[in-house]
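The values are calculated or read from the model by the stated rules, or taken from the named source; none is laboratory data. As the structure is a prediction and not an experimental result, all values here were calculated from the model. No Cβ is skipped: glycine too gets one built from the backbone with ideal geometry, and neighbour counts run over all protein chains shown.
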Amino acid sequence: MAVLWNNANENYSRNLRRTHCALLLMSRRIATGIDIGTYQVKVVVVEELADKNGARQLRIIGTGLAESKGLRHGYIVNKEEVSASILRAKQQAESIAHVPIRSAFLAIGGISLDEARATGSTIISRADQEITTLDLEKAARSAREAAAPGFLNRHVLHSIPLEYRVDGTKTLGDPLGMKGVRLEVDYLFVTCLTQHEDMLTKAVEDANIEIVDRMASPLAGSYVLLEGEQKMKGCVLANIGAETASIVVYDEGIPISVKVFPMGSSHITDDIALGFRISIEEAERVKLGRLSGQMYTRKKVDDFITTRLSSMFTLIDKHLKSLGRRGPLPAGIIISGGGAGIGSISDIAKGSLKLPARLAEFRLSSDAKLQDATWAVSYGLALWGLTGDTSSPKKNFRAAAQKFLQQFLP
């Protein structure tokens, strides 16, 4: 009887603690971002606070890091291993934040990401020819229908309006309220393989986390690594990962392209291993400058690094030219990711792209718990969860991005 009584008391106390914790969480604004990379899983928990003057403050209250297993080029090859990696990162973040992680915002990356463009049009419906929300929705549907043949086995993550035209004339900003006969809109659709997204979702759910919404990794990183002026002038943010290089191109404050290339920093390691006929582990140390000697001269190592990075930036340059832009990108290329610190990468990018180049800066306070810009994607997701429009899968990305920029960027 005493045992039963003790168990009952213990269960009652446990339930009371859970209820108390749930009530506390209900009164707090907290969001979690999860970035599942080929090498690492990163989890960031951010809380929104108000100071004495009512101004909004963001505070990182927890981070989690675990080695990724079961992934290749961002694809899942072993779901159980991926789920285990997510669970380890989740538990670490929970122990630091002292709150349970039950829901999160998920980054979608890897070579599954792609883009499509289409133009939609409609005749203005009102008799007085004033453009309404209904006309914008009709033009958006028309663009989506035009791009639909390319969506086979793919899911549209973001629908981004690039340019509006009223009676053939480009408008500056949203044409709502303007008058005309015909409305046209160019759309960028950021897509991923449905199978890839479903498997990632299932892996996260197996770690007992509900996904609130999803965002393409390059866009999530751009939230915190790019300034408003850079986006307006025109720039490209390049994330050099282990097995892929992803870019997002901005012009006039709008993301005009999102692309992923199947080449990353691990390919440099492979080149060094083959060139010197050494193990992958030894080649990685040589690449990072931790192992040197007569056999591994700095010049030979730099040649391997330069050759591979030049090939990478040549792919990026070719893509930028394919966009048919009318001018250069004055704000240049900003480089981030785990491979951003390899060799003289900025000089190589500058020479290959004929653009200004620099490494991304992660501007956070010294007590922010994040060490470098490799955390930008998971951190950006958490900020998006607190500030963006995530109430519907068919979100207006432009409105969410503008809202974010007004509140947090210079």
Seminar exercise, completed: From the option list THR63, THR122, single residue qualifying as hydroxyl-bearing (Ser, Thr, Tyr), in a strand (DSSP E or B), in contact with a strand residue (DSSP E or B) (Cβ under 7 Å, 6 or more places away or on another chain) and not assigned by TED's automatic domain parsing to the domain that holds VAL204 is THR122
For this session: Consider SER392 carefully, then state whether it is at pLDDT 70 or above, surrounded by fewer than 17 Cβ atoms within 10 Å (Cβ to Cβ) and either out of contact with any strand residue (DSSP E or B) (no Cβ under 6 Å at 6 or more places or on another chain) or farther than 25 Å from GLU115 by Cβ (or both).
Result: no
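Based on what the data block shows, is ALA143 over 24 Å from SER378 (Cβ atoms), among the aliphatic types (A, V, I, L, M) and either touching a residue at least 24 places away in the same chain (Cβ under 8 Å) or not in a helix (DSSP H, G or I) (or both)? Don't jump to the end; show me each part of the working.
On the way: over 24 Å from SER378 (Cβ atoms): yes; among the aliphatic types (A, V, I, L, M): yes; either touching a residue at least 24 places away in the same chain (Cβ under 8 Å) or not in a helix (DSSP H, G or I) (or both): yes.
In short, yes.
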Exercise. When you look at VAL190, is it under 22 Å from GLY253 (Cα atoms) and within 18 Å of the chain's Cα centre (by Cα), yes or no?
Worked result: yes
Seminar exercise, completed: Per the filter on segment 251-295, residues of a type in the set (Ser, Thr, Tyr), in contact (Cβ under 8 Å) with a residue 40 or more places away in the chain and farther than 16 Å from GLY338 by Cβ are SER257
Problem set entry | Qualifying residue in segment 260-280 (condition: within 16 Å of the chain's Cα centre (by Cα) and either modelled with pLDDT of 90 or more or not assigned by TED's automatic domain parsing to the domain that holds GLY338 (or both)) | yes
Seminar exercise, completed: For GLY343, the lone unmet condition from (1) closer than 27 Å to LEU71 by Cβ; (2) at pLDDT 90 or above is (2)
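Let's see how each residue does on (1) surrounded by 15 or more Cβ atoms within 10 Å (Cβ to Cβ); (2) closer than 20 Å to GLY74 by Cα:
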{"residue": "SER95", "(1), (2)": "no, no"}
{"residue": "LEU113", "(1), (2)": "yes, yes"}
{"residue": "ILE124", "(1), (2)": "yes, no"}
{"residue": "ILE131", "(1), (2)": "yes, no"}
{"residue": "ASP135", "(1), (2)": "yes, no"}
{"residue": "ALA139", "(1), (2)": "yes, no"}
{"residue": "GLU145", "(1), (2)": "no, no"}
Problem set entry | When residues of segment 241-268 are limited to those that are among the hydrophobic types (A, V, I, L, M, F, W, C) and surrounded by 24 or more Cβ atoms within 10 Å (Cβ to Cβ), the one farthest from VAL377 (Cα to Cα) | ILE268
For this session: Assess whether GLU48 counts as being in contact with a helix residue (DSSP H, G or I) (Cβ under 9 Å, 6 or more places away or on another chain), over 18 Å from ALA207 (Cα atoms) and not assigned by TED's automatic domain parsing to the domain that holds VAL260.
Result: yes
Exercise. What do you reckon, is VAL204 in contact (Cβ under 8 Å) with a residue 24 or more places away in the chain, over 16 Å from ILE256 (Cα atoms) and in contact with a helix residue (DSSP H, G or I) (Cβ under 7 Å, 6 or more places away or on another chain)?
Worked result: yes
Seminar exercise, completed: When restricted to GLU47, GLU115, the only residue within 19 Å of MET215 (Cα to Cα), touching a residue at least 12 places away in the same chain (Cβ under 8 Å), of a type in the set (Asp, Glu) and not in a helix (DSSP H, G or I) is GLU115
Exercise. Which one of the conditions (1) at pLDDT 95 or above; (2) farther than 25 Å from THR314 by Cβ does GLY228 fail to meet, given that it meets all the rest?
Worked result: (1)
For this session: Output the residues belonging to segment 314-353 that are free of Cβ contacts under 8 Å to residues at least 60 places away in the same chain, on the phi < 0 side of the Ramachandran plot and either within 22 Å of the chain's Cα centre (by Cα) or surrounded by fewer than 17 Cβ atoms within 10 Å (Cβ to Cβ) (or both).
Result: THR314, ASP317, LYS318, LYS321, SER322, ARG326, GLY341, SER344, SER346, ASP347, GLY351
Problem set entry | Number of positions in segment 154-189 that are more than 30 Å from ASP213 (Cβ to Cβ) and surrounded by 13 or more Cβ atoms within 10 Å (Cβ to Cβ) | 7
Problem set entry | Single match in GLY150, GLY120 (criterion: over 26 Å from the mean Cα position of the chain (by Cα) and either crowded, with 16+ Cβ neighbours inside 10 Å or under 25 Å from VAL248 (Cα atoms) (or both)) | GLY120
Exercise. Which of (1) over 30 Å from PRO161 (Cα atoms); (2) of a type in the set (Ser, Thr, Tyr); (3) touching a residue at least 24 places away in the same chain (Cβ under 8 Å) does THR244 not meet, given it meets every other one?
Worked result: (1)
Problem set entry | From the options VAL181, VAL204, residue that is over 21 Å from ALA147 (Cβ atoms) and outside the structural domain of ALA146 (by TED's automatic domain parsing) | VAL204
